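The values are calculated or read from the model by the stated rules, or taken from the named source; none is laboratory data. Note that the coordinates shown come from a computational prediction; the quantities given were computed from them, not determined experimentally. Quick reminder, even Gly has a Cβ in these numbers, built from the backbone with ideal geometry, and neighbours come from all protein chains shown.
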Amino acid sequence: MTLTIAIDGPAAAGKGTLSRQIAEEYGFHHLDTGLTYRAAAKALLDAGLPLDDEAVAERMALEVELAGLDRSVLSAHAIGEAASKIAVMPAVRRALVQAQRAFSRKEPGTVLDGRDIGTVVCPDAAVKLYVTASPEVRAKRRFDEIVGKGAAADYAAIFDDVKKRDERDMGRVDSPLRPADDAHLLDTSEMSIEAAFQAAKSLIDAALIKKI
Ligand code: C5P
C-alpha cells in the first residue's frame, strides 16, 4: 500500500525544502505540484499564447510531463506569476490534478507539496502538513535567496508580491489554499530549516505508528 504525505502552504513558506528532506528521509518519491502549473504556464508563454484562454491553457496542462519538470528552468518569477493566473481555471486544475493523483500512488510512498494536496488532490493522505510563515518572513527569505545569488532585490516589491500571490491563491473559487481539517499546522516563522524538519518528522512518525 502506498503511503502519501501531503504538504500545503503559501509561497516561500519553506515547504519545498521540507518536502525534499522528508522524501529523502523516508525514501519516497517527491512531486512539487507548483512545477506542474509552472510548466503549463511556461508552454503558453513560450508559444506566445494568451494566459486567459481556458481551453488553450487546458491543452497545455494535458501535455505536461511530470518526468521532465526542471526546477532551474521553471523557477523564474514571470513563470510563477503566469502559473498563479492559470491556476484559477478549473479545466487546468482538473488536468494537472489527474496527473498528480496518478503520481501519488507510486510505491512505496510519495510526498506531494502544493496548495490543495490535503484538501483536493490526496484527501486520504496518511499525513497532512500545512506549512506557513508570516508574509514578512517569507518575503525576507525570498529577498535573502535572491541577494545570496548575487542579484539585486527590492524587499518592498517582493513583500507586495507575496501578499498578491496569497490573495490569488486563497481567494480563488476552485481549490483555494487552506489547511485541510485534519492537517497539522507548522509555522516556520521562527524556526530553522532543521527545527522544521524535526517537527515534521515527529508528526509523521507519530502518524505512521498510528496507521500501522
Ligand atoms: O509553489 P509555486 O510558487 O511553484 O506555485 C506556482 C503557482 O501555482 C502558485 O502561486 C499557485 O497559484 C499554483 N499552484 C496551485 N496548486 C498547487 C500548486 C501550485 O494552484 N497545488
In the range 163-189, residue farthest from residue 111 (Cα to Cα) [restricted to those that are touching a residue at least 40 places away in the same chain (Cβ under 8 Å) and more than 16 Å from the ligand (Cβ to nearest atom)]: 189
Residue match in the range 154-165 (condition: in contact with an Asp or Glu (Cβ under 9 Å, 6 or more places away or on another chain), closer than 21 Å to residue 18 by Cα and in a loop (DSSP other than H, G, I, E, B)): no
Residue 99 being buried (at least 20 other Cβ atoms within 10 Å of the Cβ) and not basic (Lys, Arg): no
Residue check, residue 201 of a type in the set (D, E, K, R), at pLDDT 95 or above and over 22 Å from residue 84 (Cβ atoms): yes
Subset of the range 179-212 (residues that are of a type outside the set (A, V, I, L, M) and either in a helix (DSSP H, G or I) or more than 15 Å from residue 8 (Cα to Cα) (or both)): 189, 190, 192, 194, 197, 198, 201, 202, 205, 210, 211
The listed residue being among the small types (Gly, Ala, Ser) and either surrounded by 15 or more Cβ atoms within 10 Å (Cβ to Cβ) or assigned by TED's automatic domain parsing to the domain that holds residue 177 (or both), out of 40, 76, 47, 55: 40
Residue tally, condition part of a helix (DSSP H, G or I), in contact (Cβ under 8 Å) with a residue 24 or more places away in the chain and over 15 Å from residue 170 (Cβ atoms), over the range 128-151: 4
